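Worksheet: one structure, shown below.
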Amino acid sequence: MNTDDWLADTRTSYDTVAVNYADQIRDALAEKPYLRATLTLFADLVHSAGGGPVADVGCGPGHVTAHLNDLGVDAFGIDLSPVMIDVARHDHPRLRFEVDSMTDLALTDASVAGLLAFWSLIHIPDDAVPTVFGHFRRVLRPGGPLLLGFHVGNQSRLKTQGYGGHPMNVYVHRRQPDKVAAWLRDAGFTVEAQILLDPDDSVPGAVLFARRQS
């Protein structure tokens, strides 16, 4: 499958489920104290690095973008799905949201003080991850913090039905933190922390903190 195929499938799938997805996860952070703690730490790292705009790449309906703004971070959201962006703009009218793809970010070089991709890499196939991380490094300022969150595992599965019972056609990729960390180092990042979340769940989560090398 070429890039255009899986990107188009991902866009269409999330356009289809956007409203139901937003309804289901709008208050999800309230029930996840450890995840909120990682976002607070990320906000502190952005502030200690001098502050500035922060890109939430794959922002979905914008709940994480809004949470970061509540923490004093000048965060804006980017998502592949135009309908997701419409929902984010409706829910958070004072914040900035734009349609864009992490595989070809339109942001200028060294234009953001921080970047996070929270469970938005899960639909990116392995062979496209280096390209994505290359864009992340390009748009980050030297020394800028990066925060990644993703499903942990060793397999990919095709998701054909999603939020609200709507049809979807996307692969969900589960990966080991060490594998993602190796890709980050290859792309010019220093990995600073790896955190395993919900290790007793059938599908744990992982959070990686990294920083763009000078």
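The values are calculated or read from the model by the stated rules, or taken from the named source; none is laboratory data. Nothing here was measured: the structure is a model prediction, and the numbers come from that model. Here the Cβ is made from the backbone with ideal geometry for all residues, glycine too, and neighbour counts use every protein chain on show. For accessibility, only protein heavy atoms count, side chains too; no ligands or nucleic acids. Shrake-Rupley method; radii C 1.70, N 1.55, O 1.52, S 1.80 Å.
Run down Ser111, Ser120, Ser101 and say which single residue is in contact with a Leu (Cβ under 6 Å, 6 or more places away or on another chain) and polar (S, T, N, Q).
On the way: Ser111 fails: in contact with a Leu (Cβ under 6 Å, 6 or more places away or on another chain); Ser120 fails: in contact with a Leu (Cβ under 6 Å, 6 or more places away or on another chain).
It is Ser101.
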- Go through (1) in contact (Cβ under 8 Å) with a residue 24 or more places away in the chain; (2) out of contact with any Ser or Thr (no Cβ under 6 Å at 6 or more places or on another chain); (3) of a type in the set (Ser, Thr, Tyr) one by one and return the number of the condition Ser48 breaks. (1)
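Just one of Ala66, Ala75, Ala28, Ala22 is open to solvent by 10 Å² or more (accessible area, probe 1.4 Å), farther than 18 Å from Phe150 by Cα and in contact with a helix residue (DSSP H, G or I) (Cβ under 8 Å, 6 or more places away or on another chain); which is it?
Details: Ala75 fails: open to solvent by 10 Å² or more (accessible area, probe 1.4 Å); Ala28 fails: farther than 18 Å from Phe150 by Cα; Ala22 fails: open to solvent by 10 Å² or more (accessible area, probe 1.4 Å).
Among Ala66, Ala75, Ala28, Ala22, only Ala66 is open to solvent by 10 Å² or more (accessible area, probe 1.4 Å), farther than 18 Å from Phe150 by Cα and in contact with a helix residue (DSSP H, G or I) (Cβ under 8 Å, 6 or more places away or on another chain).
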- Within segment 87-100, how many residues are open to solvent by less than 90 Å² (accessible area, probe 1.4 Å) and of a type outside the set (Gly, Ala, Ser)? 8
- Task: Looking only at segment 62-83, decide whether some residue is over 26 Å from Ala193 (Cα atoms) and hydrophobic (A, V, I, L, M, F, W, C).
- Result: yes
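Would you mind stating whether Val46 is touching an Asp or Glu at 6+ places or on another chain (Cβ under 9 Å) and either open to solvent by 70 Å² or more (accessible area, probe 1.4 Å) or closer than 30 Å to Arg141 by Cα (or both)? Break it down stepwise before answering.
Numbers: touching an Asp or Glu at 6+ places or on another chain (Cβ under 9 Å): yes; either open to solvent by 70 Å² or more (accessible area, probe 1.4 Å) or closer than 30 Å to Arg141 by Cα (or both): yes.
Here the answer is yes, as Val46 does meet what is asked.
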